[in-house]
1. Among the residues of segment 264-283, what is the count of those that are farther than 19 Å from residue 227 by Cβ, hydrophobic (A, V, I, L, M, F, W, C) and modelled with pLDDT under 80?
2. Quick check on segment 481-505: of everything there that is at pLDDT below 85 and over 42 Å from the mean Cα position of the chain (by Cα), which residue is surrounded by the fewest Cβ atoms within 10 Å (Cβ to Cβ)?
3. Can you give me the number of residues within segment 506-523 that are of a type in the set (Ser, Thr, Tyr) and modelled with pLDDT under 80?
4. With respect to residue 316, determine if the residue is assigned to a helix (DSSP H, G or I) and closer than 27 Å to residue 376 by Cβ.
5. Counting just the residues of segment 506-518 that are over 18 Å from residue 459 (Cβ atoms) and not charged (D, E, K, R), which one comes out surrounded by the most Cβ atoms within 10 Å (Cβ to Cβ)?
6. Is it the case, given these coordinates, that residue 136 is closer than 23 Å to residue 488 by Cα and either at pLDDT 85 or above or assigned to a helix (DSSP H, G or I) (or both)?
7. Among the helices (runs of 4 or more DSSP H) confined wholly to segment 376-480, which include 1 or more residues that are under 22 Å from residue 498 (Cβ atoms) and modelled with pLDDT under 85?
8. Return yes or no: is residue 292 in contact with a Gly (Cβ under 8 Å, 6 or more places away or on another chain), surrounded by fewer than 21 Cβ atoms within 10 Å (Cβ to Cβ) and in a helix (DSSP H, G or I)?
Amino acid sequence: MLAAAPILSELGPTAWLAIGLAFVIGIVLGPLLLRIVTGQSMKKARAQAEELVRVAQQEARTLADKARVDAEKSALAERQKFEKEAQTSREEIRETERRLAKKEDQIDRKEQSLTAKEQNLEREIESTRQKQARLDQREGELSDTLARQKEELLRVSGLSMDQARKMLLEKIEDDTRHEAATVVRDIMDKATGEAKEKAREITLMAVQRYAAEHAAESTVRTIPIPSDDIKGRIIGREGRNIRAIEKATGVDLIVDDTPGVIVVSCFDKVRQQVAAESLMKLIEDGRIHPARIEEVVAQVQKEMEERIGKYGRDAVMEVKLKGLHPKVVEAMGRLQFRTSFGQNILRHSIEVAYISQIIADQLGLKGDIARRCGFLHDIGKAMDHEMEGGHPKIGMDFAAQFGEKEPVLNAIGGHHADIPATSFYTPIVMAADAVSGARPGARRESLERYIQRLEQLQDIALSFGGVNEAYAIQAGREVRVMVDAKRVGDDEAYFIAKKIAERVSAEMTFPGEIKVTVLRETRAVEVAR
């Protein structure tokens, strides 16, 4: 304001008049101009508003048309969907109606068929009743006819009913026996052909791979003496010394006229050995009286117990076994002084152990188990007479008491078929036992028992019908049987051979095996003149 004051003071009257005029004009014309400008703005705004309304209305009409079209389309789609579903439902209903109609037709046809079958069945039942009645009538007539025929046959033949039945049964038995013999022959030929080769191969391999030495032992033993004077001192005054020796050792001393020897007889090889060593020590010492005899026998018995333990341990080491109870080892050592037909049982057990292992290895079984079974199979023979029962049962009970398990127990108890075999190792031990005992020179028997065995073998063969002669040959290893060719056929000859072998196995005791050969010979003889 202060800056504008000098400028206003310099203005003239004209300037002030112009200013006033301009002011007046502004006051007068301002509202008019404002009204004009405002009117134009209003028109423009109204035009714009109208344009906006027109555009909005156009868009509204477009949206409405679009909404109407969309609604129509949606309604059309819904209607088409509904019509489609309705059509599907109508088709399903029609299909169901067709199926039901078809089933109804089938049921009607089945009902008609069942009705026809029922009628046919009733007719067949009635026909069957009539046939049954006719059959009953014919059966009665046939029974009467058969009875009359039987009476007529019995009258003509002069046989009773029991006699005729016996003849018929004998005829049937003969026919059946012939057929059975044919079947047995075929089966035996096939089985023998397949098994014999393999068995021979395995057995020969086992025997060849284990060829042990063997020596027969006796139940008697001779003790050399330097002079008859020593023999008299052994006898003692009124036989006191010899009775003291027999009482302390449990043996029999045989003092006969044979010069230079005294015979020690006892089935128990341990007692025999104790008596023999005691006698030799007494003879060497020269002091022979009851007190000295008891002292020497006690000392030898102690040494014998130690020796028995060593025999057992050496045998266990030889067969390479582990885990045996000390009592079992001691019992096996006692077998060193046991014999069977002159064969040493401990050496026999070792031999059976290795043969059993070889056979088991060939068959794909466990060789160590087979070796254990074979080694312990005769342990029952180490027991004394105070235990009752056969050596297989005694040995099985003894081994079970000291921790042996199956299949060793079954092999011990069943190696003579006293109990059924429950494992493959039992028949293996049986075979190995037979191989060991049957080797030439392994065992021996007395002449009396040998003759008895041959006679029993021949008697069994002669007990069968159709057998004319029977001869035991090859030291009782084979029996030759001659049959009547007119009474016995070729097939029945095989049947007789099988039956003889079965009876020999069941009734006789023998080492190894016995071959039964049945001979059937037909001779045609004619004389030329």
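The values are calculated or read from the model by the stated rules, or taken from the named source; none is laboratory data. Here the structure is a predicted model, which is why all the values come from computation and not from measurement. Note that each Cβ is placed from the backbone with ideal geometry, even for glycine, and that neighbours are counted across all protein chains shown.
1. Residues in segment 264-283 being farther than 19 Å from residue 227 by Cβ, hydrophobic (A, V, I, L, M, F, W, C) and modelled with pLDDT under 80: 3 in total.
2. The extreme case among them is 486.
3. Matching residues across segment 506-523 total 2.
4. yes
5. In this case the residue turns out to be 511.
6. no
7. 425-438, 447-462
8. The answer is no for residue 292.
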